[in-house]
Every structure is written in C-alpha cells, then in structure tokens.
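We did not get these values from a lab; they are worked out from the coordinates using the rules stated. Every value quoted in this text rests on a predicted model; they were computed, and no experiment measured them. Every residue, glycine among them, receives a Cβ derived from its backbone with ideal geometry; neighbour counts consider all protein chains shown.
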Amino acid sequence: MNDLELKGNWNEIKGKLKEQYAVLTDNDLAYEEGQEDQLIGHLQQKLGKTKKEVKDILRDI
C-alpha cells in the first residue's frame, strides 16, 4: 500500500478497523502523514500481528 492510498482512504479504513477490531481506539488509529511505520508498529503491538499481517489487513480493507 502506498502512502496516497492510506492517506486518501484513512477515514474509511479507520472505521472498518474499529468495526473489525473492537480493541482499537481513535488514539490507536491516529495517523499522521509520513508516520506509516509508527502506525503499523502500534497496530502490530495492539493486535498481536506481524508487520506483514497488519499490512495485509490494511490492503484488504
């Protein structure tokens, strides 16, 4: 997923992630442009998934 896809669709992606993973909060999903690696790392910890799994989740949404 490139930065533009994440940035352009982030509100939609965020809503779907919160539906799918009730453990995630707005703070968990705070996204700032250029901070994709931090976001992915935080989601890895929160969801107990690998980096590849998190990226796959984001792509599939």
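Placing a pseudo-label 7 Å from each Cα along the Cα-to-Cβ vector at ASN27 and LYS52 gives an inter-label distance of 3.2 nm. Based on the reciprocal of the average 1/r between different C-alpha atoms, the Kirkwood radius for the chain equals 11.5 Å. Relative contact order, whole percent, for the chain stands at 36, derived from Cα pairs under 8 Å and 6 or more residues apart.
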